[in-house]
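Engineer: Right, I'll just put the structure down here and ask away after.
The values are calculated or read from the model by the stated rules, or taken from the named source; none is laboratory data. Just so it is clear, the model here is predicted, and its values are computed rather than measured. Note: ideal-geometry Cβ built from the backbone for every residue, glycine included; neighbour counts use all protein chains shown. Heavy atoms of the whole protein, side chains included, go into the accessibility calculation; ligands, DNA and RNA do not. Shrake-Rupley method; radii C 1.70, N 1.55, O 1.52, S 1.80 Å.
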Amino acid sequence: MTPPLPRTSPEAQGLSSRAVLAWLDALAEGGLELHSFMLLRAGAVVAEGHWAPYTPARVHHLYSLSKSVTAMAVGYLVADGRVRVEDRLVDHFPDALPEAVSPHLAAMRTQDLLTMRTGHAEDITGALMAAQDGDWVRAFLAQPVAHPPGTGFVYNSAATFMLSALVQRLSGQPLLDFLRPRLLGPLGIEEARWAANGQGIHLGGWGLHLTTEGVARFGQFCLQRGEWAGQALLPAAWVDAAVQAHVPPGDDPGSDWAQGYGYQFWRCRHGAYRADGAFGQFCIVMPREQAVLAITANVADMGRVLNHVWTHLREGMGAGACPEDPTALAALHARCEGLHLPLPTPGVPAPKAPQEATYGFEPNDLGLASCRVALGPGGGTLTFTDERGEHPVPVGWPDWHEGRTTAWPVSEEPVLGRAVPTRDGELLVTLLWIEAGFHWTVTVNEAASTLTLMLPATMGFAQPLQAVRAEVLA
């Protein structure tokens with residue numbers, strides 16, 4: 001049984017509960033959709049919350065936050081003497097090299113992968129995913145290397161995939177299996193999943209799923225420079241090297257993306273550093289304040305989230321305990337316990353008659369052809385059809401129903417579905433990809449014979465997809 005992290009009041013660790021409340025207010029006022037957070041100071045949890053229906057036990061896709069965990073796996077190989085950061089990549093994959101190895105490819109080192117200075121002119125991840133034979137390693141090594149490695153920074157998720165491939169090549173284990181006994185197990189991180197490609201190699205640069213507390217524990221491990229429960233799990237020198245700026249800062253001192261880049265970690269303002277992933281997945285480490293903040297979210301402007309962290313949380317952290325404030329602490333606990341996503345909620349009596357119809361979509365980038373609605377009091381399904389086939393999504397009416405679906409064209413994912421009738425006579429259906437962290441909104445207007453699908457704005461879908469009832473199209 002994993003010992004729980006200690007819990008204290010914010011005031012016991014030098015932070016006012018009112019500062020945390022102000023941070024939550026700023027997030028809400030800015031329309032920033034967080035899914036969870038956990039704030040630690042001096043190793044103790046001082047505030048935490050999940051926006052329902054997200055829960056503490058649920059894992060969340062961390063997107064590129066995964067990269068920083070991959071860097072720690074490489075650190076174990078270095079500590080074991082199985083690889084050096086100066087090692088040439090081609091020496092570890094002689095069986096996957098192209099017929100002609102360019103001088104730049106021959107010069108690429110493990111350190112260049114770690115610091116995103118591979119010499120590629122752009123992120124080549126798409127080329128790996130498009131490889132017809134499914135061999136991502138061979139596809140990486142076949143890509144042209146335009147510049148001398150180590151001379152220019154280009155954010156490149158394919159580089160992190162190659163680090164994962166390197167771990168598997170040298171250890172004989174997929175990345176997650178390699179890390180379980182060395183890192184995740186000792187940290188008490190029990191719930192973890194990492195997506196793999198067709199070769200069975202964990203993606204490295206993305207695909208890791210952890211709970212919010214798992215992210216917080218990883219951040220505390222980094223803050224303690226590789227130590228946990230009095231045991232050195234990883235040499236402090238590796239953690240120090242990983243979080244320092246090997247890529248020098250950029251030209252904008254006010255940007256948290258221009259403070260330098262380490263071994264798969266971003267430097268931040270105020271002496272902090274972070275692991276981060278798309279749509280607002282954060283593991284923020286503040287060494288000066290001895291604080292760690294884990295966040296999962298679905299936001300387009302990640303910089304605004306960081307700005308609020310610095311303004312409301314970091315600036316409120318004093319050197320010692322501050323006076324207890326029972327009123328503010330009670331308000332904070334109530335606020336955190338009552339957090340929920342701003343989604344439509346039940347409140348209108350459900351019609352007795354079921355809705356059953358098929359709607360045809362206009363041509364769209366997702367290739368969706370139709371949606372069949374079969375809903376009534378108690379629930380039902382929405383079935384999307386595209387070139388891959390039919391993809392049913394279970395829906396509750398008016399409560400959430402959980403199932404799995406392939407409707408999003410990446411993989412099968414857990415999804416929560418709920419239908420809520422509106423006072424205008426429409427039916428509003430929310431489909432929440434609970435681990436991926438985004439949702440679809442479907443509005444069915446039976447009287448007008450139309451269906452409207454709103455896809456995630458954070459993924460660039462600014463306009464809804466329109467569909468018309470099949471009988472009308474005919």
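Engineer: Kyte-Doolittle cut-off 0.0, length cut-off 15 Å along the helix's own axis using Cα: show which whole DSSP H helices in the chain pass.
Structural biologist: Once both thresholds are applied, what remains is 17-29, 66-79, 157-171, 212-223, 326-337.
Engineer: For a test of the definition: using alpha carbon positions, the gyration tensor, and the 1.5 limit on a/c, classify the stretch 58-177 as rounded, prolate or oblate.
Structural biologist: rounded
Engineer: Could I ask something else about it? Points 7 angstrom from Cα along the Cβ direction at THR422 and ALA470: gap in nanometres?
Structural biologist: The answer from the label model is 2.5 nm.
Engineer: If contacts are Cα pairs under 8 angstrom and at least 6 residues apart, what is the relative contact order of the chain in percent?
Structural biologist: 16 percent.
Engineer: Right, another one. On each of the three principal axes of the Cα atoms of the stretch 123-265, give max minus min coordinate, whole Å, ordered largest first.
Structural biologist: On the principal axes, the stretch 123-265 reaches 46, 40, 26 Å in Cα extent.
Engineer: Between VAL247 and ALA100, what is the spin-label point distance in nm, taking each point 7 Å from the Cα along the Cα→C-beta axis?
Structural biologist: With each label placed 7 Å out from Cα toward Cβ, I get 2.9 nm.
Engineer: Something else now. Run the numbers on the stretch 354-449 and let me know its relative contact order in percent, using alpha-carbon pairs under 8 Å that are six or more apart.
Structural biologist: For the stretch 354-449, the relative contact order is 16 percent.
Engineer: Let me ask you something else. Roughly how many nanometres apart are two label points built 7 Å out from the Cα toward the Cβ at ARG269 and HIS92?
Structural biologist: Distance between the two pseudo-spin positions: 3.6 nm.
Engineer: Follow-up question, since we're still on this one. What are the semi-axes of the equivalent ellipsoid of the chain, taken as the square roots of 5 times the eigenvalues of the Cα gyration tensor, listed largest first and rounded to whole Å?
Structural biologist: 39, 32, 18
Engineer: So how much accessible area does GLU446 have, in Å² to the nearest 10, using a 1.4 Å probe?
Structural biologist: Its heavy atoms expose roughly 80 Å² to the probe.
Engineer: When Lys and Arg each count +1 and Asp and Glu each count -1, what net charge do the other residues less than 15 Å away from PHE178, Cβ to Cβ, add up to?
Structural biologist: Surrounding charge for PHE178 is +3.
Engineer: Multiply the residue separation of ALA195 and ALA300 by 0.36 nm, subtract the distance between their alpha-carbon atoms, and state the gained length in nm to one decimal.
Structural biologist: The ALA195-ALA300 span can extend by a further 35.4 nm.
Engineer: Relative contact order (percent) for the stretch 220-271, with alpha-carbon contacts under 8 angstrom and 6 or more residues of separation?
Structural biologist: Result for the stretch 220-271 is 25 percent.
Engineer: Now, a different point. Report the charge-dipole magnitude of the chain in Debye, nearest 20, computed about the Cα centre from +1 at each Lys and Arg Cβ and -1 at each Asp and Glu Cβ.
Structural biologist: The dipole magnitude comes to about 900 debye.
Engineer: Now for a different question. Would you work out the charge dipole size for the stretch 1-59 about its Cα centre, treating the Cβ of every Lys and Arg as +1 and the Cβ of every Asp and Glu as -1, and quote it to the nearest 20 debye?
Structural biologist: In total the dipole reaches around 220 debye.
Engineer: Just want the answer: with Cβ charges of +1 for Lys and Arg and -1 for Asp and Glu, which residue in ALA245, HIS202, THR406 is farthest toward the dipole's positive end in the chain?
Structural biologist: Positive-end residue among those listed: ALA245.
Engineer: Compare the Cα positions of LEU366, ALA447, ALA44 along the charge dipole of the chain (+1 at Cβ of Lys, Arg; -1 at Cβ of Asp, Glu; about the Cα centre) and return the one farthest towards the positive end.
Structural biologist: Checked the options; the winner is ALA44.
Engineer: If each DSSP helix of 4+ residues adds -39,500 (n - 2.57) and the sum is divided by the residues in the chain, what number results at 222 nm, nearest 500 deg cm²/dmol?
Structural biologist: Calculated from helices alone, the mean residue ellipticity at 222 nm is -6500 deg cm²/dmol.
Engineer: Something else: Between the stretch 86-162 and the stretch 286-350, how far is it from one alpha carbon centroid to the other, in angstrom?
Structural biologist: 40 Å
Engineer: Something else now. If you count only protein heavy atoms and use a 1.4 Å probe, how large is the accessible surface of GLU362, to the nearest 10 Å²?
Structural biologist: 110 Å²
Engineer: Say R0 is 35 Å: what FRET efficiency, to the nearest 0.05, do ALA130 and ARG404 get from their beta-carbon distance?
Structural biologist: 0.85
Engineer: So how strong a dipole does the stretch 245-321 carry about its Cα centre when Lys and Arg Cβ are +1 and Asp and Glu Cβ are -1, to the nearest 20 debye?
Structural biologist: Here the stretch 245-321 has a charge dipole of around 160 debye.
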